[in-house]
Every structure is written in C-alpha cells, then in structure tokens.
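Taking it in order: structure first as structure tokens, then the write-up.
The values are calculated or read from the model by the stated rules, or taken from the named source; none is laboratory data. Please read these numbers as outputs of a predicted model, since none were measured by experiment. In this analysis, Cβ positions are derived from the backbone assuming ideal geometry, glycine residues included, and neighbour counts consider all displayed protein chains. Side chains included, ligands, DNA and RNA excluded: accessible areas come from the protein's heavy atoms. Shrake-Rupley method; radii C 1.70, N 1.55, O 1.52, S 1.80 Å.
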Amino acid sequence: MLNSIKTHSLTNKGQELGMMYFRVAIILFGAQLVMGLIAAIQFLVPGFLFEIFDFSVARMVHINALVVWMLYAMIGSTYLMLTDETGEEVVGIAIGKLGFWVLTVAVTIVVLVYIFVQIGAGTETTIWLINEGREYIEAPRWADIGIVVVVLIFYWNVFATYMKGERTGIMTVMVANLLALAGLYLAGMFFTDNISMDQFWWWWVIHLWVEATWEVFVGTLAAYALIKLIGAKREIVEMWLWIEVLMLFGSGILGMGHHYFWIGTPEYWWEIGALFSALEPVPLIAMFVHVLYDWGKEQGIAKGKGETGTVIANGPAMAWIVTNAFGNFLGAGIWGFFHTLPQVNIYTHGTQFTAAHGHLAFFGAYATILIGMMYYGIQRAYGVKRMKATFKSKMAIFMITFGVLGMGIALTIAGYEQVLIERAELGAGWNAFFTAQNLPWYIQAQTWRAIMGVVTFVGFIYLVIDMLTIGKHAQEVEA
Ligand code: HEM
Ligand code: HEM
Ligand SMILES: [Fe+2]
C-alpha cells in the first residue's frame, strides 16, 4: 500500500487522497492494538506501568485511536469512490489534500499529548489543550475546532462533486448521511457541568454515529463494493440501500433510549429505548441477507452462462465484506440485543459484557468493511483486474477475526461472572466489584482475552505485510 500511491495506476486524484487517508488509518489501527494490549495486561498485572502509563491512559488512547482510524478510513473510502460514482474529478482536490495534512498534523499532536502529558488539572485549560474527557471523542477543544474545519473541507469536496456529476442513489444517501454524521459531532463539543446533560448529548454523537449514521455509511460502502467486486446490479443494491436507510433510522434514532436508562433522564426512555433498540437487529439481518443474496445471484448467473470460477474480482476485499455482513449482525445485532432491555441491562450495565459487545460490534460492523475498502483501494492503485487472496491475506483475516471473536467470548464470560457475583449475589456495591474482579473465573477470562489480543495483533502484522505486498504480487500474476 505504501508503494501504491507512487504506482500511478490510480485513475483520479480522489483515489490518491483516499489512499493517503488509508495509510494513516492503518498506522492508527496498529497504535490502537498496542494500547489495547497494554490495558489488557494491566487487568492481569495491575502494577504494570503504574503511574507511568496508567490503565486510564492506555484505555483512552485505545478507544480514541479506534474512532479516529475509522473516521480516516471512512473519509478515505469516500474519496476512493467519489469519482467512480459521480463521473467527475473531485472538486477542490487541492484544498482537500491540504485538509488531510492539517488533520494529520493535528491528530499527531493530540496523540503525543495523550501519551506524554496524559492528564490535566481539570480546568478550562485542560479542556482546551489536553483532553476533553468525553469517552471515545476526547480530543481537546482546539483540535475539535480544527476537525470541524477539515470536515467542512471534506464535505465541500463531496457535495460539490456530487452536484456537478451524476447523482446516483448511493451518492445521494452518502451526501445526506455525511451531513448528519458530521453535524452530530457538534453535539459532543460544548461544555456543561451537569453530568446528566453532558451524557445526554454525548450519546447523540456516540450512539447516533454507530447505530445510525455509521451504519448507513456502511450500507453505502457495501452497495458500492458489491457493484465493483461481484458486478451486482445497481438497481438492486440501491433499492436495498433505501430500505436499509429506512429501517436503520427507524429503529436506531429512538433506540438511543437504551443509553438513557440510568443517567437521570425521564423514565419514559425505558419503554422507548427498549422497544426501538430491540428492533435494531432487523436491518442488520437484512444487510447480511442482501450481501449473500447478491453474491449467490451473480455467481449463479455466471454459472448459467457456462463460466467457471468465481465472480469475485478482489478476494480479500470480498472476504472482509462478507465478514462484515455477518459480524455486524453478530456483534451489534445479537450482542447488542442481549443487554438492550432494561430488565437485563440492570444487571449487565457497565460490566465486561458491555466491553464484549463493544469489541464485537466495532470490529464486526466497521473494522471489517473498512479493511475491505483498503484492499479494494490497493487493487485500484496497482491497476489489476483481479486480486486473489494470498496466504498472508488469509492468515490476516483468520487471525484477526478469530482473535477478536475469542476476546468477545472471554469478555462475555467475565461479564457473566460479574452479573452473577457482583450484581445478583452481592448487590453491586464497591466491595462487590472488587470481590468479583478477584475470583478465578474473572481472572481466567481476562487471561484468555489477553491471549486472544496477541492472536489479533499477530494477525494485524500479517495484514500490514499483505497490504504492502499483495498489489505487486497481483501485478506479477497478471503479467
Ligand atoms: C455497529 C453498531 C454498534 C456499535 C459499534 C456499538 C458499540 C457499543 C459500545 C462501544 C458500547 C459501550 C459504550 C460505553 O463505553 O459506555 C455500547 C453500549 C451499548 N450497546 Fe451498542 N453498539 C452497536 C449497536 C448496538 C445495537 C444494535 C444494540 C441493541 C440492539 C446495542 C445495545 C447497546 C446497549 C444496550 C449498550 C449499553 C450497555 C451498558 O449499559 O453498559 N448496541 N455499544
Ligand atoms: C489487541 C487486541 C485488543 C486488546 C488486547 C483490547 C483490549 C481492550 C481493553 C483492555 C479495553 C478496556 C476495557 C475496560 O475498560 O474494561 C478495551 C476497550 C475497548 N476496545 Fe479493545 N482491545 C483490542 C482490540 C480492539 C479492537 C480490534 C476493537 C474494535 C475494532 C476494540 C474496541 C474497543 C472498544 C469499543 C472498547 C471500549 C469498550 C467499552 O467501554 O465497553 N478493541 N479494549
Ligand atoms: Fe446504542
């Protein structure tokens, strides 16, 4: 992938910029995993890096890097597909490139401050310069403002290109959805000293991102990818896309109530949250069925024409996208549904069960498809018609998926133990928490999580090596 930008098989400037975003995304993904490993070791050896690099810091960098690499990969994917969809060169590409550099310098400074300064006094200066203290989106305010400016540039690129070119269904959903996605970020930027109110708005960003706008975004990526990777018919993928949008927003927006059970919001949120969030898995099933349906259909048509072999133009990209279709349903749909009713959530709230769901959902719904898009970008960068999975591609997808699934199962067991001992048996107090943390079931589960984290990390190394080499390899095969 590093070489890919120089190979100039890319047919337009948008794709070049997309690849630049992908490169930073993959570096941040690596940083995320290293931080996760440190935090996982700290569960087992609490003194590890104590007062040098505390759990709170490792965890913060872990999940902020997660969100930022995903946003980078999402922006990269958008630039990658923009010209294909609209038939136009990206409008204002030069300023788009400038935006990339500004953002990347800002992100680098923020990460360095997180790692070396770590915490502040909790004053206005801290909020402006070090850390805002809002889980997942902790960037200090100066960076917040910078992010808004760069996102406006990005949005201008997308919107102006869309207005100038062909307005496909995919791009129409993309343009409308990106406006909502970017706009929601503002809800997490202002300050109030009322913690209930702060949480109320903070969830507008977090929940309405991952369970509404990001899901719709994934729908547009999948639609585009299915056209490109297996030659699916645009009419069909776009029709599915509109249905997905309807169902995702129909359930996901009010589904936000499942975060309003215990933060001091009015009690009517219990019913609203329970009902609408319980419906959220439905579109995720639909998205899963759609991918398999289109794949089976195209393969069947090819077979009917007497063609042998697969219709898939990019093996690793398609493998990751199918993993996405299932992982989204499993991690977000099933693991989400488990604890979404208040009757269950009263026991599971904030246990390792939540962490299990968080890992499986973020991985299944987003990491997978974004990695798939990167593989597609590499194929374009090397200008090859077909890109088959290599041994390294297979090791990467197998070890990463197996590792994250293993972590999810281990954390589910840890959460189960917390529910039984800490919540049901001992009544959820301070002592109950520590008793549960020290019992063998919990410690064993955390040990397995750390082991599976290492498996994930080894898979990541395979992924990076594969991304650096697969394009050239595919070129040689084709030659
Ligand atoms: C891709 C989509 C999703 C992602 C990435 C995701 C991710 C997460 C994460 C990271 C948390 C923990 C938040 C925190 O730190 O407090 C969380 C909480 C939660 N999620 Fe999801 N989620 C998704 C979809 C869903 C769905 C579809 C449901 C329900 C059907 C659901 C139900 C819940 C519930 C009930 C909580 C609160 C857990 C608690 O009380 O501790 N999620 N989610
Ligand atoms: C090397 C692999 C990884 C390890 C060892 C690891 C470890 C950890 C640890 C120790 C935490 C803190 C949990 C807590 O506060 O109790 C955490 C949180 C989290 N990690 Fe990971 N992680 C890894 C990979 C990933 C991946 C691949 C994703 C998603 C794509 C992810 C998403 C998250 C999320 C969303 C949270 C917050 C969960 C919550 O608050 O409920 N992690 N991780
Ligand atoms: Fe949610």
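Would you please give the residues with an amide H less than 5 Å from that of M387, counting only those at least 5 places away or on a separate chain, with H modeled from the backbone geometry?
HN-HN under 5 Å from M387: N314, G315.
Could you report the accessible area of W335 in Å², rounded to 10, computed with a 1.4 Å probe on the protein chains as they sit in the structure?
40
Can you divide the C-alpha Rg of region 149-242 by 2.2 N^0.38 Å and report the result to two decimal places?
Its radius of gyration relative to the 2.2 N^0.38 Å reference: 1.30.
For region 40-110, what is the per residue volume of the convex hull drawn over the alpha-carbon atoms, in cubic angstrom?
84
Give me the percent relative contact order of region 118-189, please, defined on Cα pairs under 8 angstrom at least 6 residues apart.
22
For region 192-260, what is the per residue volume of the convex hull drawn over the alpha-carbon atoms, in cubic angstrom?
Convex hull of Cα atoms, per residue: 73 Å³.
State the extension gain, in nm to one decimal, for the chain segment bounded by I145 and E51, taking 0.36 nm per residue of separation less the distance between their alpha-carbons.
30.7 nm
Region 225-334: which chymotrypsin sites (Phe, Trp or Tyr not before Pro) are DSSP loop and have at most 16 other beta-carbon atoms within 10 angstrom?
Sparse-neighbourhood loop chymotrypsin sites (Phe, Trp or Tyr not before Pro): W262.
What do you get for Rg/Rh of region 340-459 when both radii come from the Cα atoms and Rh is the Kirkwood radius?
On the Cα set of region 340-459, Rg over Rh gives 1.16.
How large is log10 of I(q)/I(0) for region 1-155 at q = 0.12, 0.13, 0.19 Å⁻¹ when the intensity is taken from the Debye formula with one equal scatterer per alpha-carbon?
The Debye formula, applied to the Cα set alone, gives -0.58, -0.66, -1.12.
Please report the accessible area of H290 (heavy atoms, 1.4 Å probe, ligands and nucleic acids excluded) in Å², nearest 10.
So the heavy atoms of H290 present about 10 Å² to solvent.
I'd like the per residue volume of the convex hull spanned by the Cα atoms of region 221-284, given in cubic angstrom.
Per residue, the Cα convex hull of region 221-284 comes to 77 Å³.
Indicate the helices, whole DSSP H runs only, in the chain that combine a mean Kyte-Doolittle hydropathy of -1.0 or more with a Cα extent along their long axis of 20 angstrom or more.
Those that clear 20 Å and a mean of -1.0 are 13-44, 55-86, 93-116, 141-164, 169-185, 214-230, 234-255, 281-304, 368-382, 391-417, 440-478.
For the chain, just the Cα set please: Rg and Dmax, both in angstrom.
22.1, 70
Specify the longest stretch of the chain that does not include any exposed loop site, a site being one of the GluC sites (Glu not before Pro) with a non-H, G, I, E, B DSSP assignment and at most 11 other Cβ atoms within 10 Å.
Longest stretch, sites excluded: 308-479.
Could you tell me how far the Cα centroid of region 343-375 sits from the Cα centroid of region 222-265, in Å?
Measuring centre to centre over Cα atoms gives 17 Å.
Rounded to the nearest 10 Å², what accessible area does D84 show when all protein chains are kept and the probe is 1.4 Å?
Surface open to solvent at D84 totals about 50 Å².
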